1. Quick test of your reading of the structure: ARG171 fulfils all but one of (1) in contact with a strand residue (DSSP E or B) (Cβ under 8 Å, 6 or more places away or on another chain); (2) surrounded by fewer than 23 Cβ atoms within 10 Å (Cβ to Cβ); (3) modelled with pLDDT under 95. Name the failing condition by number.
2. Regarding GLY180, is this residue on the phi > 0 side of the Ramachandran plot and not β-branched (Val, Ile, Thr)?
3. Which is in contact (Cβ under 8 Å) with a residue 24 or more places away in the chain, surrounded by 14 or more Cβ atoms within 10 Å (Cβ to Cβ) and either touching a helix residue (DSSP H, G or I) at 6+ places or on another chain (Cβ under 6 Å) or farther than 28 Å from GLU31 by Cβ (or both), of ALA238, ALA210, ALA206?
4. Go through the stretch 116-168 residue by residue and tally those that are among the hydrophobic types (A, V, I, L, M, F, W, C) and farther than 16 Å from THR190 by Cβ.
5. Counting only residues that are among the β-branched types (Val, Ile, Thr) and closer than 24 Å to TRP237 by Cα, which one in the stretch 17-46 is surrounded by the most Cβ atoms within 10 Å (Cβ to Cβ)?
6. Can you run down the residue pairs with Cβ atoms below 8 Å, 6 or more apart or on separate chains, where the first is in the stretch 98-127 and within 17 Å of GLY175 (Cα to Cα) and the partner is surrounded by 23 or more Cβ atoms within 10 Å (Cβ to Cβ) and charged (D, E, K, R)?
7. State all residues of the stretch 109-119 that are β-branched (Val, Ile, Thr) and either at pLDDT below 95 or surrounded by fewer than 23 Cβ atoms within 10 Å (Cβ to Cβ) (or both); if no residue qualifies, say none.
8. Can you work out which of the residues in the stretch 71-108 that are over 21 Å from GLY56 (Cβ atoms) and surrounded by 24 or more Cβ atoms within 10 Å (Cβ to Cβ) is farthest from the chain's Cα centre (by Cα)?
Amino acid sequence: MKLLLINPNTSAPMTAAIAKGAQAVASSNTEIIATQPSFGPLSIEGHYDEAFAAAGVAEQVKLAASWGPDAVVLACFGDPGLEAAREATSAPVLGIAEAAFHAASMLATGFSVVTTMTRTCIIAERLVQRYGFEHQCRGVHGTDIAVLDLEDGGEEIIGQIEHAAREALSRDRSGAIVLGCAGMTTLCHTLTQRLGVPVIDGVAVAVKFAEALSALGLGTSKHGDYATPLPKVYTGWAAPLGWPKAR
């Protein structure tokens, strides 16, 4: 199968790191095709960034229509553009936050999220509510690590995340940790060994869930609100993103 992996920010090193992590867990017959928007922020650390990232996700899904991916994974914990992507393809589309919450709820009665900037905690909390995991998610904790600082992934960064995770496990009485950024994917194995609890990397679980849905022949419903976008002219810089009339 061909899996389209979209990093919604425009950091090429992060896209490469996420793709490497995804390929490491993917089945041998899964080809990971990693991409990023042609425009938008280098990192996503707030609502303003997310607005442009969502448009970039829609751009990449529309471009991929020419070859037709079997599944799509959005590798940003805010799941920007998830609903738009589901409108734009009949393939299953998974956001890493939604996938991670589902996986964590299967492994522990309660989980905590450890993310990057404290200012983005409210975004994760709203996703928890939107996806219906209020009773399983016991806390969202920021480390104030900038997203692009994760590209180095040195001991200092790992130590900060480990410290926040240990505090979360104790304070929240949680049984699992969800990593709240796609840039943390390379740290998951180390943190699992150190913490001794399930540490969920949304990229990895989204890839495996996507493979399962594709293998079962399941795709995004085109009935109702996920129906194909209406043909429409877009103007200005978004002109190429307008949906064409069916032939």
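The values are calculated or read from the model by the stated rules, or taken from the named source; none is laboratory data. Quantities reported herein were computed from a predicted structural model and do not represent experimental measurements. Here the Cβ positions follow ideal geometry from the backbone for every residue, glycine too, while neighbour counts run over all protein chains shown.
1. (3) is the only condition that ARG171 fails.
2. Working: on the phi > 0 side of the Ramachandran plot: no; not β-branched (Val, Ile, Thr): yes.
Spelling it out, it is not the case that GLY180 is on the phi > 0 side of the Ramachandran plot and not β-branched (Val, Ile, Thr).
3. Only one candidate qualifies: ALA206.
4. Residues flagged as among the hydrophobic types (A, V, I, L, M, F, W, C) and farther than 16 Å from THR190 by Cβ within the stretch 116-168 amount to 14.
5. Filtering the stretch 17-46 for residues that are among the β-branched types (Val, Ile, Thr) and closer than 24 Å to TRP237 by Cα, the one surrounded by the most Cβ atoms within 10 Å (Cβ to Cβ) comes out as ILE44.
6. Going by the 8 Å Cβ cut-off, the qualifying pairs are ALA100/ASP201.
7. Once the filter is applied, which keeps residues that are β-branched (Val, Ile, Thr) and either at pLDDT below 95 or surrounded by fewer than 23 Cβ atoms within 10 Å (Cβ to Cβ) (or both), the stretch 109-119 yields THR109, THR118.
8. By that ranking, first place goes to ALA104.
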